[in-house]
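Okay, so here's the structure we're looking at.
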Amino acid sequence: MASRKAEPTDAQTRISTLTGQPGSATHAPRSATSKPSPLIRSAMKFAARCHASQRRDSDQAPFIEHPVEVGRLLRDAGCPDVVIAAGLLHDVLENSHTSVAELTACFGAEVANLVQAVSDDASISSYRQRKQLLREQVRNAGGDATLIFAADKISKIRELPDRIARDRARYGGAVPAHLQHDHQLRIEHYKESLRMLRAIAPRHPLINRLANELRNCPTGTTTRFAGTSRNRPAHRRGA
């Protein structure tokens, strides 16, 4: 989840290498040095504006760095502009006041539908239930929505070491049980996400990268949770 203030100018510099050339049906890798297309530039500006007052929970970096990384992963995987744009915008429905109608008006139905497909339902308080329904939603959408979802999970898993280190530093190395439980719920969601994605696109490079990131990520837990504790809601969205 996002909070507080970002630095969109720096993030726009980081995203400036995103390609503007259409991808093939097979999403062949493309050059990282070509000029970004008008669609990608517009999506970057829109995302930077939506996330301008937000910072990542994990390390307090500008939140925009997360969608920038997602966009870059999709670019490097050879995805077409509409998918890269949706990757840049994938958190605006969850973390800002942007509506599907506004996204559709600004970027077209294809981008808006992709963003909607990877956005969870804020009305569901239980983290486990909310993420289960999100995975089902992504699976039903299929296609490019699964690639955006995979890129998002790669980026989120990479944030875990900072999140765990922050919690350990805050509590002198003894992380409270409820935070260990939150970390475990995230890992569970990422593992179930990988399972779902492998069933859809088992050989895609993004899915393979997600598997590698998950294999190497820390759990941040020292205790196994069972019984009723497994049904406690996690507190944050966007994970």
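Annotation for the range 96-185: chymotrypsin sites (Phe, Trp or Tyr not before Pro) lying in DSSP loop with at most 15 further Cβ atoms inside 10 Å of their Cβ are 171.
May I ask you to order 39-48, 115-124 by the average number of other C-beta atoms within 10 Å around their residues, highest value first? Before the final figure, lay out each step's value.
On the way: 39-48: 21.8, 115-124: 17.9.
Going from most to least packed, we get 39-48, 115-124.
For the pair residue 166 and residue 201, the difference between a 0.36 nm per residue extended length and the Cα-Cα distance amounts to 9.2 nm.
Under 16 Å of direct C-alpha separation, and excluding same-chain neighbours fewer than eight residues apart, residue 131 reaches these lysines: 153, 156, 191. Once the Cβ-Cβ distance of residue 52 and residue 191 is raised to the sixth power relative to R0 = 45 Å, the FRET efficiency obtained is 0.85. Length available on full extension from residue 177 to residue 42: 0.36 nm per residue minus the Cα-Cα distance, which gives 44.3 nm.
Using alpha-carbon pairs under 8 Å, 6+ residues apart, how would you state the relative contact order of the range 47-189 in percent? Don't skip to the answer; put the middle values down first.
On the way: 143 pairs, mean separation 33.7, N = 143.
Over the range 47-189, the number comes to 24 percent.
Laboratory data are not the source of any read-out in this text; all were calculated from the coordinates shown. Everything quoted here is computed from the prediction, not taken from an experiment. All Cβ positions, glycine included, derive from the backbone under ideal geometry; neighbour counts span all protein chains shown.
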